[in-house]
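Student: Shown below is the structure under consideration.
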Amino acid sequence: MHSLLPTLRRTLGDDAVLTDAADTAGYVTDWTGAFAGAALAVVRPADTAGVADTVRLCAQAGVAVVPQGGNTGLVGGAVPDGSGGDVVLSLERMRRVRGLDPVGDTITVEAGVVLRAVQERAEAAGRLFPLSLGSEGSCTVGGTVSTNAGGTAVLRYGMMRELVLGLEVVLPDGRVWDGLRALRKDNTGYDLKQLFIGAEGTLGIVTAAVLRLFPATPRRATALVALASADAATELLPLLRQECGGTLTTWELLGRQAMELVLTHVPGARDPFDSTHEWYGLVELAAGSDDVGERLEAALHAAAAQGLLLDAVIAGNPAQRTSLWTLREGLAEAQKLDGLSVKHDITVPISSLAGFVAEVGPRLRALLPGLRLVTYGHVGDGNLHYNLSAPVGDEAALRAAAGELTGLIYDAVAERGGSISAEHGLGVLKRGAAATYKSEVELDLMRAVKRALDPGALMNPGKVLP
Ligand code: FAD
Ligand code: MLT
Ligand code: ZN
């Protein structure tokens, strides 16, 4: 047995250190199932001091640490490699809400708090914490900070980066940086928290965060619209902004293939239209007191008058709203249930998004006939989940062509000045592509930061940096 283990047990308590395969299985395989490794141990400290002790003891023993929150990441960032030499440090036991300030509109929570719990705590205080992801029942504050998570309300509230005011971080040498300030203004040198937001656990372990709260928006109006084309999704955005102003919260795109997967795999999912369409948009307005229903209807009438809409269904009650949202939020799970998929979480400038879809789809199908293009995503942010599912019954063909297909997609993204990872990060899955699509200068700068903060390269090795 590695000499580190008894020391960790003495320091943290036996129940904080898991080594049996049965106990560690869920921590060493990622949500997609594409990444499965082995851990020297899974360590679950209950507080910041415990995290600091774990990191310090691992550093002294030269053992790498893989931070883990809810393990819902989609790029293999939270699971260890197959060596069995690394410690997975799970933040799942750090679930305290340390405080909520209704005047300053902030909430201070520990890293292991699940996103839905933050949303509920804010709601109980008459506030809104706006980050909203399909994984919100499992993903954690630490994970969403470390991946700079996006989701379906970025259009109005921004990504996690815009929602964080302060962080507490355990550094790779075990020191604790207390940056838990709730200040809106603090220009005293480098904005250090930005280094750890989106760093995917490669620069330190987030143990707590001060998050911004917003006024509650109990009034919501939601519609699923049948679009005349993918172009219409981007052409509609300025109209929705004009008509709905600051109440516009969500504008999501769904392609027909994506809708088909949800209708096939998600129990209770139903297509609200009588006929099928190629493209759909999910739009939601939210406000404290405005009558957003009227604003939404006016916007949809204006869009129809411009020939951008073929049809529209407006939710008449919360159950119908949930039914429309299921068609969007059920997608990740549906595609996983359908079998092998190759996911591309890309951003292109919004104005070139429809051109990208029009050009790339036919080229991919020419490469692999029968390929299913499962396109959906946060069109308001220029972010598409441009996912590929295998020709029915022929996963081997997709597996064989995946590299060429992904290269074609990423080249087309790069030609438009886009990004090969909009919201999921690089992890293991995309660090190779980062070597191709990020400039040498950028890679050098990131390596310099990594060397400065983690000279022993023990913090989440093999992730992010090529
Ligand atoms: P984990 O998966 O545990 O870890 C993610 C990364 O962060 C890893 O690199 C890990 O090492 C690191 N990490 C975790 N905790 C810490 C910590 N405390 N300190 C330092 N590093 C840490 N993502 C989006 O952005 N938008 C979406 O709309 C979205 N929808 C999703 C829907 C589904 C169904 C699923 C399964 C995933 C979805 N995701 C989405 C991806 C995922 O939920 C996010 O990346 C989320 O932020 C991960 O949080 P987590 O707690 O599960 O982190
Ligand atoms: C989403 O927007 O549904 C998520 O980012 C997950 C996915 O890419 O499927
Ligand atoms: Zn997404």
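The values are calculated or read from the model by the stated rules, or taken from the named source; none is laboratory data. Remember, predicted model here, so these are calculated numbers, not experimental data. Methodologically, a virtual Cβ is constructed for each residue, glycine included, from the backbone with ideal geometry; neighbour enumeration extends over all protein chains shown.
Student: When you scan region 389-401, do you find a residue that is within 16 Å of ligand 2 (Cβ to nearest atom) and touching a Lys or Arg at 6+ places or on another chain (Cβ under 9 Å), even just one?
Tutor: For region 389-401, residues within 16 Å of ligand 2 (Cβ to nearest atom) and touching a Lys or Arg at 6+ places or on another chain (Cβ under 9 Å): present.
Student: Take the residues in region 51-70 that are under 15 Å from Arg9 (Cα atoms) and buried (at least 23 other Cβ atoms within 10 Å of the Cβ), then tell me which one is nearest to the chain's Cα centre (by Cα).
Tutor: Going through the qualifying residues, I end up with Val51.
Student: Then there's this: Going through region 307-349 one residue at a time, which ones are basic (Lys, Arg) and either assigned to a helix (DSSP H, G or I) or more than 12 Å from ligand 2 (Cβ to nearest atom) (or both)?
Tutor: Arg321, Arg328, Lys336
Student: Scan region 398-423 for residues that are away from ligand 1 (no atom under 16 Å from the Cβ) and either in contact (Cβ under 8 Å) with a residue 60 or more places away in the chain or not assigned by TED's automatic domain parsing to the domain that holds Ala358 (or both) and report the count.
Tutor: 9
Student: Please name all residue pairs, on different chains or six or more residues apart, with Cβ atoms under 7 Å, provided the first residue is in region 379-391 and is within 11 Å of Ser421 (Cα to Cα) and the second residue is near ligand 2 (Cβ under 10 Å from one of its atoms) and polar (S, T, N, Q).
Tutor: none
Student: Still on this structure, please answer the following. Can you find a residue in region 97-107 that is touching an Asp or Glu at 6+ places or on another chain (Cβ under 7 Å), within 14 Å of ligand 1 (Cβ to nearest atom) and not β-branched (Val, Ile, Thr)?
Tutor: No, region 97-107 contains no residue that is touching an Asp or Glu at 6+ places or on another chain (Cβ under 7 Å), within 14 Å of ligand 1 (Cβ to nearest atom) and not β-branched (Val, Ile, Thr).
Student: Among Val428, Val379, which is the only one that is surrounded by 14 or more Cβ atoms within 10 Å (Cβ to Cβ), within 16 Å of ligand 1 (Cβ to nearest atom) and within 30 Å of Pro80 (Cβ to Cβ)?
Tutor: That would be Val428, the only listed residue that is surrounded by 14 or more Cβ atoms within 10 Å (Cβ to Cβ), within 16 Å of ligand 1 (Cβ to nearest atom) and within 30 Å of Pro80 (Cβ to Cβ).
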